[in-house]
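A.B. asks: The structure's right below; bear with me while I get my questions together.
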Amino acid sequence: MAGAGVIDIDEYVTALDRRLRGPGHLKRDLLAEARDSLEDAAAAYEAGGVDPAEARRRAVADFGPAEQIARDYQSLLALAHGARTLRTVLVVVPLVHVLWELNRQFWMGAWPDGETPLPGWYLLVARANDWVVWVVAGAVLTALVAGRVLARRGMGTGRLARLAGGVAVAAVAAPLLGSLSIIVATASVDVSRLLQLSPPVSLATVAMYAVMARLGVLARRCLVFSAA
């Protein structure tokens, strides 16, 4: 028997639905696939002369415990969400950085000279902040390629999902930390420089943080789905 008192196809699919968390379209596809398999198995039993109600119960029993099947499906959902999040980060993080820089150059041009000379460590922080998005993009691309290789070599979907989630969280956290570090560094050297941002650049900065916050939500869901 499929466990937890589930004896009918509809009940079984409903039990799976309650246990699964992840992208809605893929979840629906998995549930539809499960239902089709169960219906086909039940039809085969009926063709052999089994009572329809009993045929459906046997199909459910043959399919496996709902708890076990849900774990397998959950790994697939988590991996799909993780891979999609990594692809999103790969495109969005560099794009946001480039658009912000273009916006800043259009409205402000070169950074204005402040009252206080910039120390050497500040320039290092600024360069690191400029490069972090490209390092992140390279790391994410490497993770996507490595994930395909590891999948072909038999690594389980659960481990791959957790790996994707960890990379996604790090890939979102790194640019955010870089951006915050340059703000803190600027404030510590010459806070007046922060007040020299034009309104369009300030709005672009707010929009950038909003986009990064959304990516952070997606990255966190990777970990939540892989742990479900």
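The values are calculated or read from the model by the stated rules, or taken from the named source; none is laboratory data. On a predicted model such as this, the values are computed, not experimentally measured, just so you know. When we count neighbours, we look across all protein chains shown, and the Cβ atoms used for this are built from the backbone with ideal geometry, even at glycine. Heads up: the accessible areas ignore ligands, DNA and RNA and are worked out on the full protein's heavy atoms, side chains in. Shrake-Rupley method; radii C 1.70, N 1.55, O 1.52, S 1.80 Å.
A.B. asks: For helix 66-108, what angle does its Cα long axis make with the longest principal axis of the chain, in degrees from 0 to 90 and rounded to 10?
C.D. replies: The angle comes out near 20 degrees.
A.B. asks: Still on this structure, please answer the following. Computed from the coordinates I sent, semi-axes √(5λ) of the Cα gyration tensor in Å equals one of [x] 31, 19, 18; [y] 39, 16, 16; [z] 53, 16, 13. Tell me the label.
C.D. replies: [z]
A.B. asks: Quick one: angle between helix 157-190 and the longest Cα principal axis of the chain, in degrees between 0 and 90, rounded to 10, please.
C.D. replies: 20
A.B. asks: Based on the Cβ-Cβ distance of Val206 and Glu11, what FRET efficiency does E = 1/(1 + (r/R0)^6) give at R0 = 45 Å, to the nearest 0.05? Show your work: numbers first, answer last.
C.D. replies: Numbers: r = 49 Å, r/R0 = 1.09.
According to the calculation, E is roughly 0.40.
A.B. asks: Something else now. Please sort 155-166, 27-38, 88-99 by packing, taking for each peptide the average over its residues of neighbouring beta carbons within 10 angstrom, highest first.
C.D. replies: 155-166, 88-99, 27-38
A.B. asks: Could you give the accessible area per residue of the chain, probe 1.4 Å, as a whole number in Å²?
C.D. replies: Using a 1.4 Å probe on heavy atoms only, each residue of the chain averages 55 Å².
A.B. asks: Please state, to two decimals, what the Cα-based radius of gyration of the range 26-110 comes to when divided by 2.2 N^0.38 Å (N = residues).
C.D. replies: This ratio for the range 26-110 stands at 2.06.
A.B. asks: A further question on this structure: Accessible area of the range 1-153 with a 1.4 Å probe: how many percent of it is carbon plus sulfur?
C.D. replies: 58
A.B. asks: Highest GNM mean-square fluctuation, the chain, Cα pairs closer than 10 Å: which of Ala207, Ala170, Ala70?
C.D. replies: Of Ala207, Ala170, Ala70, the most mobile in the Gaussian network model is Ala207.
A.B. asks: Sort out for me the Cα centre separation of the range 37-102 from the range 141-167, rounded to whole Å.
C.D. replies: Centre-to-centre (Cα) distance: 18 Å.
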